[in-house]
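Student: Pasting a structure below so you can have a look.
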Amino acid sequence: MISIAITGGIGSGKSYVSNLLEERGIPIYNADNESKRLTVSDEEIRKGLVALVGEQVFFDDGTLNKSLLAAYLFASSEHATQVNAIIHPRVKADFRRWLEEHTDCEIVGLESAILYESGFDDVVDAVVAVYAPESLRLERAMKRDGATESQIRARMSAQMNEEEKRDKADFVVLNDGSVCLQKQLDALIYQIKRGK
């Protein structure tokens, strides 16, 4: 089994690429979605967040007080590091458990917007960066999220630079409409199966 990570900044189209790979029979673990699920369901995460932020980080019904956690997270980079140190190891462990359930698959994928920032690049065999120019990513994200340019730019600045992601990746999928995405994915799968 070969494990690949699919990453890319906001508006790059990494989720779209992940969906196309799933259509080709490659199961994808969405780290961003699973971290949200684990934040409310994993006992170790719950205990860690309560110890860090306080009991009020979860409502009485057990749901996450997202605005309180976000306020804590964005108050300082040290706070973000503390929260990530609680959540990321549990997501990694969950991904490893998920891998055990997919040992019959030739290729599996992990989708993560913050792959390098979270250290998840060390649990996969290869990294695929989905890349698009900043102007196009900005346009897509504003349209998708109904957000202003300044809101999207703020989110972009919180993520690793796209060129840096692209340079660190083993493979790059260009998602700007200039090259057929389907052909790129066919070539990608062929290369991965050949062992890079």
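Only the coordinates and a few stated rules stand behind these numbers; no lab work does. Small disclaimer: the values here were computed from a predicted structure and weren't measured. With ideal geometry, Cβ positions are generated from the backbone for all residues, glycine too; neighbour counts draw on all protein chains shown.
Student: Using only alpha carbon pairs under 8 Å that are at least six residues apart, calculate the relative contact order of the chain and give it in whole percent.
Tutor: Over the chain, the number comes to 36 percent.
Student: For a footprinting-style exposure proxy, rank Asp121, Asp176 by other Cβ within 10 Å, fewest first.
Tutor: Fewest-to-most ranking of Asp121, Asp176: Asp176, Asp121.
Student: Using the 10 angstrom Cβ neighbour count as an exposure proxy, how do Ser118, Ser41 rank, fewest first?
Tutor: Ser41, Ser118
Student: Just in region 80-188: which chymotrypsin sites (Phe, Trp or Tyr not before Pro) are loop by DSSP and have at most 10 other Cβ atoms within 10 Å?
Tutor: Passing sites in region 80-188 do not exist.
Student: Still on this model: Tell me, how many Å apart are the Cα centres for region 45-80 and for region 129-178?
Tutor: Each part's Cα centre sits 28 Å from the other's.
Student: Which ³J(HN,Hα) values in Hz, rounded to whole numbers, follow from the phi angles of region 126-142 under the Karplus curve 6.51 cos²θ - 1.76 cosθ + 1.60, where θ = phi - 60° and Gly and Pro get x?
Tutor: Values per residue, Gly and Pro as x: 8, 10, 10, 9, 8, 10, 8, x, 4, 4, 6, 4, 4, 4, 4, 5, 5 Hz.
Student: Among DSSP beta bridges lying fully in the chain, give the percent that are antiparallel, nearest 5. Mind showing how you got there, number by number?
Tutor: Numbers: 1 of 17 bridges.
Within the chain, antiparallel bridges account for around 5 percent of the total.
Student: Per 0.36 nm of contour for each residue apart, how much would the distance between Glu100 and Met160 grow if the chain were fully extended, relative to their Cα-Cα spacing?
Tutor: Details: separation 60, 0.36 × 60 = 21.60 nm, distance 2.99 nm.
Gain in length upon complete extension: 18.6 nm.
Student: Only residues of region 117-149 count here: report those whose backbone N is under 19 Å from the spot 7 Å along Cα→Cβ of Ala93, or say none.
Tutor: Output list for this probe position: 118-124.
Student: Now for a separate question. How high is the FRET efficiency from Asp60 to Arg37, r the C-beta distance, R0 30 Å, rounded to 0.05? Each step should come with its number before you reach the end.
Tutor: On the way: r = 20 Å, r/R0 = 0.66.
It comes to 0.90.
Student: Could you list Glu34, Glu78 in order of exposure, starting from the residue whose Cβ has the fewest other Cβ atoms within 10 Å? Provide the component values of the computation, followed by the final result.
Tutor: On the way: Glu34 19, Glu78 8.
With the sparsest Cβ surroundings first, the list reads Glu78, Glu34.
Student: Identify, among Gln151, Ile45, Leu115, the residue whose Cα sits farthest towards the positive end of the charge dipole of region 1-154, taking +1 on the Cβ of Lys and Arg and -1 on the Cβ of Asp and Glu, with the dipole about the Cα centre.
Tutor: Gln151
Student: Then there is this: Under a cut-off of 27 Å between alpha-carbon atoms, report the lysines in cross-link reach of Lys168, not counting same-chain residues fewer than 8 places apart.
Tutor: Those lysines meeting the cut-off are Lys14, Lys36, Lys92, Lys183, Lys193, Lys196.
Student: Loop-only check: which GluC sites (Glu not before Pro) in region 93-185 are DSSP coil with at most 14 other Cβ within 10 angstrom?
Tutor: Listed in order of number, the matching sites are Glu101, Glu106.
Student: Still on this model: Give me a comma-separated list of calculated 3J(HN,Hα) values for region 65-82, in order, Karplus coefficients 6.51, -1.76, 1.60 applied at θ = phi - 60°, integers in Hz, x for any Gly or Pro.
Tutor: Result, rounded to whole Hz: 7, 4, 5, 5, 5, 4, 4, 5, 4, 8, 5, 6, 5, 5, 4, 4, 4, 5.
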